[in-house]
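The values are calculated or read from the model by the stated rules, or taken from the named source; none is laboratory data. Remember, predicted model here, so these are calculated numbers, not experimental data. Because the Cβ atoms are built from the backbone with ideal geometry, glycine has one as well, and the counts that use them run over all protein chains shown. For accessibility, only protein heavy atoms count, side chains too; no ligands or nucleic acids. Shrake-Rupley method; radii C 1.70, N 1.55, O 1.52, S 1.80 Å.
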Amino acid sequence: MRRIVGNWKANGSTAQAQALCAALPAPPAGVDVTVCPPLCLLWAARGSLPPGIRLGAQDVSRVDGGAFTGEVTAPMLLDAGCVLALVGHSERRQQGAEDDALIGLKLRACWRHGLLPVLCVGETAAQRRDGSTDAVLAAQVGRVLAGAPPAPLWMAYEPVWAIGTGQAATPEDCARGIAVIRAAVAEAWPAAPPVPCLYGGSVHPANCAAFWREGGADGALVGGASLDAAAFVAICRLAGDA
Ligand code: PGA
């Protein structure tokens, strides 16, 4: 089973969301496809998606409800039709000043309510240059999972320098990052079965297959290319090829 998650980020209007969703066919056999529109477009997308494509959120609150202006909680996301939420995307880490402690609370909020968290981890360009990629990835995973019993989880290896830059990781970079992430999850949860691990960062139809064929990824987290129906459909189709 390969997993493709589209992250629309802060893009789209109601009309654009409806048009994009209506242009997507049902996923090929053996491919799990989820799209993550902006929160205010979840309902527009929900009404226009073909059967078989699921909805996700780009973020989730650490709290369950109450006097928290601006927060959107896991129960609200489930009610809106979401099955998963991205947690710890690097844009939220950097622009929203989210640290691993907050990200850990968000994961636990997902688990309290049965929403699947997709935990994003990745090194910056400077960390890659100074050779600390493996340590950064292991520390991000270890800090967030510390003390948590095994629970449903997908991981996403998203090198920060590859996101939105057009400069994707090589399949070798991907394989190494995913191996480090898998080892860190296994250290936190020694008795648990392996969790799916996606690759994200400048994925497009011409490079995607290498991430699962040679890079060891269980699928892709797709940003920019998920806004282009033809490109996103092509990635989903390629994920279905043996
Ligand atoms: P990108 O974004 O595909 O536009 O590089 C990926 C992501 O941010 O998840």
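About its Cα centre, how strong a charge dipole does the range 2-241 have in debye, to the nearest 20, once Lys and Arg get +1 and Asp and Glu get -1 at the Cβ? Can you show the working numbers first?
Details: 18 positive and 20 negative charges, 62 e Å.
With only Lys, Arg, Asp and Glu charged at Cβ, the dipole is about 300 debye.
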> If we sort 17-28, 193-204 on the protection proxy, mean other Cβ atoms within 10 Å, highest first, what's the order?
Replying inline: 193-204, 17-28
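What length, rounded to one decimal in nm, is gained on full extension from Arg112 through to Arg143, with 0.36 nm per residue of separation minus their alpha-carbon distance?
My answer for the length gained is 9.3 nm.
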> Simple spin-label model, 7 Å along Cα-to-Cβ: Glu71 to Ala125 in nm?
Replying inline: 3.6 nm
> Over what distance in Å are the Cα centres of the range 36-76 and the range 165-241 separated?
Replying inline: 23 Å
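Please work out the ratio of the alpha-carbon Rg of the range 142-193 to 2.2 N^0.38 Å and round it to two decimals. Each step should come with its number before you reach the end.
Values: Rg = 13.0 Å, N = 52, 2.2 N^0.38 = 9.9 Å.
Compared with the compact-globule rule of thumb, the range 142-193 sits at 1.32.
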>> From the phi angles alone, apply the Karplus equation (6.51, -1.76, 1.60; θ = phi - 60°) to the range 128-137 and give each ³J(HN,Hα) in whole Hz, x where the residue is Gly or Pro.
In response: 5, 4, 8, x, 9, 3, 4, 5, 5, 4
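Taking the radius of gyration and the Kirkwood hydrodynamic radius from Cα positions alone, what is the Rg/Rh ratio for the chain, to two decimal places?
Rg/Rh: 0.94.
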> Gain in length, Ala26 to Arg213, computed as 0.36 nm per residue apart minus the alpha-carbon separation, to one decimal in nm?
Replying inline: 65.0 nm
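Send over a whole-number figure in Å² for the accessible area per residue of the range 95-165, probe 1.4 Å.
Details: 2880 Å² over 71 residues.
About 40 Å² of surface per residue is accessible.
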> Tell me, what ³J(HN,Hα) does each residue in the range 206-222 have, in order and in whole Hz, if you take phi through Karplus 6.51 cos²θ - 1.76 cosθ + 1.60 with θ = phi - 60° and put x for Gly and Pro?
Replying inline: 7, 10, 4, 4, 5, 5, 8, 6, 10, x, x, 7, 8, x, 9, 9, 10
> Ordered by residue, what ³J(HN,Hα) values in Hz, to whole numbers, does the range 90-107 give under the Karplus form 6.51 cos²θ - 1.76 cosθ + 1.60, where θ = phi - 60° and Gly and Pro are x?
Replying inline: 4, 5, 6, 4, 7, 7, x, 6, 7, 10, 5, 5, 5, 4, x, 5, 5, 4
> Non-local amide H neighbours of Ala156 (under 5 Å, H modeled in plane, Pro and chain starts lacking H): which ones?
Replying inline: Leu119, Cys120, Val121, Leu198
>> What does the extension gain come out to for Gln95 and Arg237, with contour length at 0.36 nm per residue minus their alpha carbon separation?
In response: 47.8 nm
> Within the accessible area of the range 2-241, what % is carbon and sulfur when the probe is 1.4 Å and the other protein chains stay in place?
Replying inline: 56 percent
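Taking the Cβ of Val33 as the center, what net charge do the other residues with Cβ under 14 Å away carry, scoring Lys and Arg +1 and Asp and Glu -1?
On the way: positive: Arg2, Arg3, Arg54, Arg237; negative: Asp32, Asp218.
Combined, the nearby Lys, Arg, Asp and Glu give +2.
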